[in-house]
Amino acid sequence: MPSPGPLDDLRAIAATLDGIDVECYRRHDRHPHEPVLGLGAPQARWCFFGRDPGEQEVRLQQPFVGPAGQNIRAVLSELGADAADVYWMNTVPFKPLGNRPWSLAVRRRCRPPLLELLAGWQGRRVIAFGEAAFGWFGLGDATLRRELDAFRTRADTYEAELDVVLDMPDATVRRLTLCPVPHPSGANARWARAFPTLLKARLRATT
């Protein structure tokens, strides 16, 4: 379990946000300031990094359990893996109104406590789902942000890997390998059919 420090920081941030879908939380008898974070074992094989929770995530208080998340979990099951193999995170652990992406300002505010939580994972390879999740890793570093932007223009973005170095809140650095894939939503018309194949290839390459 994570220490209360970063979780308390996230709750304090939530108390100042105007864009939380409070009605959704009320409908499911959940507190709108409680982060929806799955996290996981320090030795988990992969970190899955998504954008933000939807209604089913609020209802069950678990990430990646809505329709898009079920697409991810189906691939895990097909490969003989399960939720325990994953360290689950997202860019902002609160459901936004209308499922619109949170602003960069909100993502930046949530980033320091999320980095503290990411430090609890001992792995290396991060599967980043969609552009918002991939771009999150460059929010604190203009040079890295340009590197991420350039990487996104490559024809092999969803097959190649990118090694990055993150400055952590405790003044240490963390080396990670980012493995971006498209957002798993069925509404992502360009990539919906290819998504399972792309994710399988990522996971097979990082076992």
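Laboratory data are not the source of any read-out in this text; all were calculated from the coordinates shown. Small disclaimer: the values here were computed from a predicted structure and weren't measured. Neighbour counts are summed over all protein chains in view; Cβ atoms, including those assigned to glycine, are modelled from backbone coordinates with ideal geometry.
When the inverse distances between all different Cα atoms of segment 90-207 are averaged and flipped, the Kirkwood radius reads 15.2 angstrom. As a ratio to 2.2 N^0.38 Å, the alpha-carbon radius of gyration computed for segment 47-125 takes the value 1.14. Remark: segment 90-106, residue by residue, has Karplus-estimated 3J(HN,Hα) of 8, 6, 9, x, 9, 6, x, 4, x, 6, 6, x, 5, 5, 4, 4, 5 Hz, where x stands for each Gly or Pro and the curve is 6.51 cos²θ - 1.76 cosθ + 1.60 at θ = phi - 60°. The convex hull built on the alpha-carbon positions of the chain has an orientation-averaged projected area of 10.9 nm².
Structural descriptor for the chain: relative contact order 22 percent, calculated from alpha carbon pairs under 8 angstrom and at least 6 residues apart. Applying 1/(1 + (r/R0)^6) with R0 = 45 Å to the Cβ-Cβ distance of ASP29 and ALA201 gives a FRET efficiency near 0.65. Sticking with the crude label model, points 7 Å out along Cα→Cβ, report the distance from ASP163 to TRP191 in nm, one decimal please. Each label point is offset 7 Å from its Cα along the Cβ direction, giving 2.4 nm.
Along the axis of the charge dipole computed for segment 4-205 (Cβ charges of +1 for Lys and Arg, -1 for Asp and Glu, origin at the Cα centre), the listed residues GLY123, VAL92, THR177 are led at the positive end by THR177.
Here the Karplus relation 6.51 cos²θ - 1.76 cosθ + 1.60, evaluated at θ = phi - 60°, turns the backbone of segment 42-54 into coupling constants of x, 8, 3, 5, 9, 9, 9, 10, x, 8, 6, x, x Hz, with x for every Gly and Pro. Between SER77 and GLN61, the modelled labels are 2.4 nm apart [label points 7 Å from Cα along Cα→Cβ].
Remark: spin-label model distance GLN122-ALA84 equals 1.7 nm, labels positioned 7 Å along the Cα→Cβ axis. Using θ = phi - 60° in the Karplus curve 6.51 cos²θ - 1.76 cosθ + 1.60, the 3J(HN,Hα) couplings for segment 129-144 round to 9, x, 5, 5, 5, 5, x, 4, 5, x, 5, x, 8, 4, 5, 5 Hz; x is entered for Gly and Pro.
Taking a point 7 Å from the Cα of ARG152 along the Cα-to-Cβ direction, the residues of segment 106-140 with backbone N closer than 19 Å to it are 106-111, 126-140.
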